[in-house]
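S.K.: There's a structure below that I have some questions on.
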Amino acid sequence: DIRANDVHNEIDDEKRMRQRIALSKAITLVESKSPTRRLMADVLLDRLRKSANLDKDKSDNSCDSFRLGIAGPPGVGKSTFVEALGLYILGLQKEGANEANGKSEFIPEKLAVLCIDPSSHVTGGSILGDKTRMLNLSYHPRAYVRPSPSSGTLGGLGAYTFDAASLCELAGYALTIVETVGVGQSEVELAECCDLFVLLLAPGGGDELQGSKKGIIEVADVLVVNKADGDLKSVARRTASEYKKAMGLLRKPVGWWGSAQDKSSKCETSSGHSTRSGQPAAPPVLLVSAKTGFGIPELFKTIVSYKNYTQTSGYLEEKRRKQNRYWMWKYLRERLLETTQQDGRVRKKAEKIEHDLDSGLIAPRNAAGELWSSIVDSTDKYNGS
Ligand code: GDP
């Protein structure tokens, strides 16, 4: 009955809206710098993780969610691309592709996008540029698009992006896309935040292969040359073949995707570099047009093939283990630095040590040792010991 359907739809809309508001509030909480709110965020993350672990079938070792990182220089078409990819993925479910070939594929029902906004630390908050640019995706009932401020201290990637992505997963988003600008060293950190890292490149580029920008190429799992349409198509092809040549010189960690690409080497999406079995292959270089949709299905196939392979091989689980450790130490360094800067006594001591350092009265390593002792003293004082 049509009226009953309308009521159901309305209830679903309302539920979805409330869930999104709750997720937004939770992300704002983990991004907060206030000590009280930070404590609340710690408790929230802890509780959510514990209840998710309780819900999880212990015999099921698979990673049911996936994080995709997308980086690229300004103007390369990241927003257009994320929107095109996002809408393509969300459209798959409608087509009932979930049971393709009798086996279940990775067709996320819901999709979250975190846009790390480089200009936000000037204004102290996130500008809405990306959100308004990804209009169709933002208004899609099964998508959540969130511009997040990037932290000044950590470069392009927000310190709490990792937590924000975890929150999206805990809220039931099977796929989280983290999008950030730039191809500099600081964005290399995005690789520590995602399962698969896609680097988006412009036709006719190639600067990324030089100097400081090389780092981001080395951590990318897939290279995508965008704007392969119209007059730019032939330039894009040339650019892709230049990258393919360069990729052949790179070596990825053992256990990476090598054998999967070996098996699918007939596929046009492969970089074309054959590998001896067990040897890591080079990252594939793909051509897409975010504007026309060209290459988007092939790219998604590549993403799913990576996910399936790394999940089965155990590489993904190991990668996530390493990432968790990476972030633990990162948070510790951040907190240590904050304590040093915020504690009056430690700050005073640091000023004196700096003065002694300037006058050549103390060596840098001894200065660090002294400063460390005063941090320990001040922590002991807080703990009442
Ligand atoms: P971002 O700064 O990397 O997020 O780039 P945008 O998504 O804002 O795109 C920058 C410009 O490139 C816009 O004018 C887009 O219309 C254009 N653009 C994005 N993708 C494509 C594409 O696939 N083909 C062409 N021809 N233009 C594109």
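The values are calculated or read from the model by the stated rules, or taken from the named source; none is laboratory data. These numbers were taken from a predicted model, which means no experiment stands behind them. In this analysis, Cβ positions are derived from the backbone assuming ideal geometry, glycine residues included, and neighbour counts consider all displayed protein chains. Please note that ligands, DNA and RNA were not included when accessible areas were found on the heavy atoms of the full protein model with its side chains. Shrake-Rupley method; radii C 1.70, N 1.55, O 1.52, S 1.80 Å.
S.K.: Using the Cα centre of the range 343-383 as the reference point, and only Cβ charges (+1 on K/R, -1 on D/E), how large is the resulting charge dipole? Debye, rounded to the nearest 20.
M.R.: Numbers: 7 positive and 8 negative charges, 21 e Å.
Rounded to the nearest 20 debye, it is 100 debye.
S.K.: If each residue of separation counts as 0.36 nm, what is the full-extension length gain between Val304 and Arg238 once their alpha-carbon separation is subtracted? All intermediate terms of the calculation are to be shown ahead of the outcome.
M.R.: Values: separation 66, 0.36 × 66 = 23.76 nm, distance 2.63 nm.
Additional length available on full extension: 21.1 nm.
S.K.: Right, something else. What is the packing order of peptides 362-370, 245-253, taking the mean over residues of other C-beta atoms within 10 Å and listing the highest first? Please list the in-between numbers first.
M.R.: Numbers: 362-370: 12.7, 245-253: 14.7.
My ranking of the peptides, most packed first, is 245-253, 362-370.
S.K.: Next question, about the same structure. With θ set to phi - 60° and the Karplus curve 6.51 cos²θ - 1.76 cosθ + 1.60, what are the ³J(HN,Hα) couplings of the range 41-47 in order, to the nearest whole Hz, using x for Gly and Pro?
M.R.: 5, 4, 5, 4, 4, 4, 5
S.K.: With labels modelled as points extended 7 Å from the Cα through the Cβ direction, what inter-label distance (nm, one decimal) is found for Glu370 paired with Lys352?
M.R.: About 0.8 nm, to one decimal.
S.K.: Using amide H atoms built 1.01 Å from N in the peptide plane, name the residues 5+ places from Phe197, or on other chains, whose amide H lies under 5 Å from its own.
M.R.: The list, which skips near neighbours in sequence, is Gly69, Asp221, Val222.
S.K.: Continuing with this model, one more query. Keeping all protein chains in place, calculate the accessible area per residue for the range 343-383 (probe 1.4 angstrom), answer in Å².
M.R.: Working: 3080 Å² over 41 residues.
For the range 343-383, the solvent-accessible area averages 75 Å² per residue.
S.K.: Using packing as a proxy for protection, rank 307-313, 66-72 so that the peptide with the highest average count of other Cβ atoms within 10 Å comes first.
M.R.: Numbers: 307-313: 17.1, 66-72: 25.4.
Highest-to-lowest ranking by the protection proxy: 66-72, 307-313.
S.K.: Can you pull the percent of Cα pairs in the range 343-383 with separation above 13 Å?
M.R.: Working: 401 of 820 pairs.
So the portion of pairs separated by more than 13 Å is 49 percent.
S.K.: Sticking with the crude label model, points 7 Å out along Cα→Cβ, report the distance from Lys322 to Val7 in nm, one decimal please.
M.R.: Result for the modelled spin labels: 5.5 nm.
S.K.: Which cross-chain or sequence-distant (5 or more) residues have an amide H under 5 Å from the amide H of Val113, H modelled 1.01 Å from N in plane?
M.R.: So Val113 has HN proximity to Tyr144, Val145, Arg146, Ile177.
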